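Trainee: Sharing a structure, written as structure tokens. Questions coming.
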Amino acid sequence: MRYTELATSGELTSRAEKAVQGLGKCLLCPQACGVDRTAGKTGFCRAGKLARVSSYGPHFGEEAPLVGRGGSGTIFFAYCNLRCVFCQNYDISHMGYGDDLEHQDLAEVMLALQKRGCENINFVTPTHYVPQILSALSLAAKKGLTVPLVYNCGAYECPETLKLLDGVIDIYLPDTKFSDPGLAKKYSGVENYPASMFSSLKEMHRQVGTLQVDKRGVAVRGLMVRHLIMPGGLAGTEDVLRFIAAELSPDTYINLMGQYHPAFEADKYPELSRRPSRNELMEARALAKKYGLTRVE
């Protein structure tokens, strides 16, 4: 993994130090709150100075290329830079359930997951903790961490933050949600989501390209896109798939997820109060075929 080379050269430590300094005026994501997290101030995501981890361990419910035999070594971070009213992990993402970890402790979590045989380290909802992750990673890499790194995010990213991760992250796993900015604001509480999402996808693809797997079919590098199918076409699936085919590659790995169900505060919105129908799921797959996308789950 290239991040091991960056650790050896000192570049990884330099990036970590730069990122940590940025916590004094946090601009990690498009929210651009500008708060001093080093002084205990919190912004939209409510994350503080240290990374808060709710749980970690081998996960066998991720996409097949991430699971392999040993499972994906997931680290679930608390809080989120989105505020989705239908969040299925609201106790973690909204309420912040978890424990604050020092950089050394987070590094030990990564090493423990590798020791357990996990195929990768899967950072779940990591955007607001990039400085802490880089700091921990610089320690873990020096102690022998070598497995691929997965950035499992909500696709609401800043170009500057993603550039800090260039050569560090092996596999990007963005969960693309809405192509309509008004709906993103209504249901996820964020401005300019589609523009940020599409620019983030392009930068991720520039860094790692399309998905590459080893002889076992396990992911080693590349972009894997998730897209949650919403009832009533609310996610703007056609726009998302059209963009991926035209601006990235028809060979982009895409998981069209059909597991949406009303959760958290979804019952306050009648249009969100049901699962997508079988026909809606079939229509999404037909759209993928229409745009020539060849690697669709």
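Residues are listed down the side, and each one gets a yes or a no for (1) out of contact with any helix residue (DSSP H, G or I) (no Cβ under 8 Å at 6 or more places or on another chain); (2) in contact (Cβ under 8 Å) with a residue 12 or more places away in the chain; (3) surrounded by fewer than 16 Cβ atoms within 10 Å (Cβ to Cβ); (4) small (Gly, Ala, Ser):
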site: LEU12; (1), (2), (3), (4): no, yes, no, no
site: GLN31; (1), (2), (3), (4): yes, yes, no, no
site: GLY48; (1), (2), (3), (4): no, yes, no, yes
site: SER54; (1), (2), (3), (4): no, yes, no, yes
site: ALA64; (1), (2), (3), (4): yes, yes, yes, yes
site: PHE76; (1), (2), (3), (4): no, yes, no, no
site: ASN81; (1), (2), (3), (4): no, yes, no, no
site: ILE92; (1), (2), (3), (4): yes, yes, no, no
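The rows are residues; the columns are (1) in contact with a His (Cβ under 9 Å, 6 or more places away or on another chain); (2) crowded, with 18+ Cβ neighbours inside 10 Å; (3) of a type outside the set (A, V, I, L, M, F, W, C); (4) closer than 19 Å to LEU82 by Cβ.
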{"site": "SER200", "(1), (2), (3), (4)": "no, yes, yes, yes"}
{"site": "LYS215", "(1), (2), (3), (4)": "no, no, yes, no"}
{"site": "MET230", "(1), (2), (3), (4)": "no, yes, no, yes"}
{"site": "THR252", "(1), (2), (3), (4)": "yes, yes, yes, no"}
{"site": "LEU256", "(1), (2), (3), (4)": "yes, yes, no, no"}
{"site": "LYS268", "(1), (2), (3), (4)": "no, no, yes, yes"}
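Trainee: Okay, next question. In the range 52-78, which residues are touching a Ser or Thr at 6+ places or on another chain (Cβ under 9 Å), under 18 Å from LEU111 (Cα atoms) and of a type in the set (A, V, I, L, M, F, W, C)?
Mentor: Passing the criteria: LEU66, ILE75, PHE76, PHE77.
Trainee: Right, MET110: touching a Leu at 6+ places or on another chain (Cβ under 6 Å) and not charged (D, E, K, R) or not?
Mentor: yes
Trainee: Every residue in the range 102-123 that is part of a loop (DSSP other than H, G, I, E, B) and either crowded, with 16+ Cβ neighbours inside 10 Å or free of Cβ contacts under 8 Å to residues at least 24 places away in the same chain (or both), please.
Mentor: The answer is CYS118, GLU119.
Trainee: Let me ask something additional. Out of the helices (runs of 4 or more DSSP H) lying entirely within the range 1-101, which hold 3 or more residues that are among the charged types (D, E, K, R)?
Mentor: Counting at least 3 such residues, we get 11-22.
Trainee: Could I ask something else about it? Confirm whether GLU280 is assigned to a helix (DSSP H, G or I), without any contact (Cβ under 8 Å) to a residue 60 or more places away in the chain and surrounded by 15 or more Cβ atoms within 10 Å (Cβ to Cβ).
Mentor: So GLU280 passes the test.
Trainee: Restricting to the range 241-257, count the residues that are among the polar types (S, T, N, Q) and over 14 Å from LYS177 (Cα atoms).
Mentor: Summing the residues that are among the polar types (S, T, N, Q) and over 14 Å from LYS177 (Cα atoms) in the range 241-257 gives 2.
Trainee: What are the residue pairs meeting all of these: first residue in the range 162-185, first residue crowded, with 24+ Cβ neighbours inside 10 Å, second residue in a loop (DSSP other than H, G, I, E, B) and of a type in the set (D, E, K, R), Cβ atoms under 7 Å, and 6 or more apart or on different chains?
Mentor: Listed by first residue and then by second, the contacts come to ALA184/LYS177.
Trainee: Further question on the same structure: Would you confirm whether or not the range 65-82 contains a residue that is β-branched (Val, Ile, Thr), closer than 21 Å to MET257 by Cα, at pLDDT 95 or above and in contact with an Asp or Glu (Cβ under 6 Å, 6 or more places away or on another chain)?
Mentor: Within the range 65-82 (the criterion being β-branched (Val, Ile, Thr), closer than 21 Å to MET257 by Cα, at pLDDT 95 or above and in contact with an Asp or Glu (Cβ under 6 Å, 6 or more places away or on another chain)), the answer is no, since none of the residues qualifies.
Trainee: Sticking with this structure for a sec: From LEU149, LEU145, LEU134, grab the single residue that is among the hydrophobic types (A, V, I, L, M, F, W, C), touching a residue at least 40 places away in the same chain (Cβ under 8 Å), surrounded by 21 or more Cβ atoms within 10 Å (Cβ to Cβ) and over 27 Å from TYR90 (Cα atoms).
Mentor: So the residue among LEU149, LEU145, LEU134 that is among the hydrophobic types (A, V, I, L, M, F, W, C), touching a residue at least 40 places away in the same chain (Cβ under 8 Å), surrounded by 21 or more Cβ atoms within 10 Å (Cβ to Cβ) and over 27 Å from TYR90 (Cα atoms) is LEU145.
Trainee: Is there a residue in the range 153-163 that is touching a strand residue (DSSP E or B) at 6+ places or on another chain (Cβ under 8 Å) and among the small types (Gly, Ala, Ser)?
Mentor: The answer is yes, given that some residue of the range 153-163 is touching a strand residue (DSSP E or B) at 6+ places or on another chain (Cβ under 8 Å) and among the small types (Gly, Ala, Ser).
The values are calculated or read from the model by the stated rules, or taken from the named source; none is laboratory data. Note that the structure is a prediction, hence the values are computed from the model and not measured. Please note: Cβ atoms are built from the backbone with ideal geometry, for glycine as well, and neighbour counts cover all protein chains shown.
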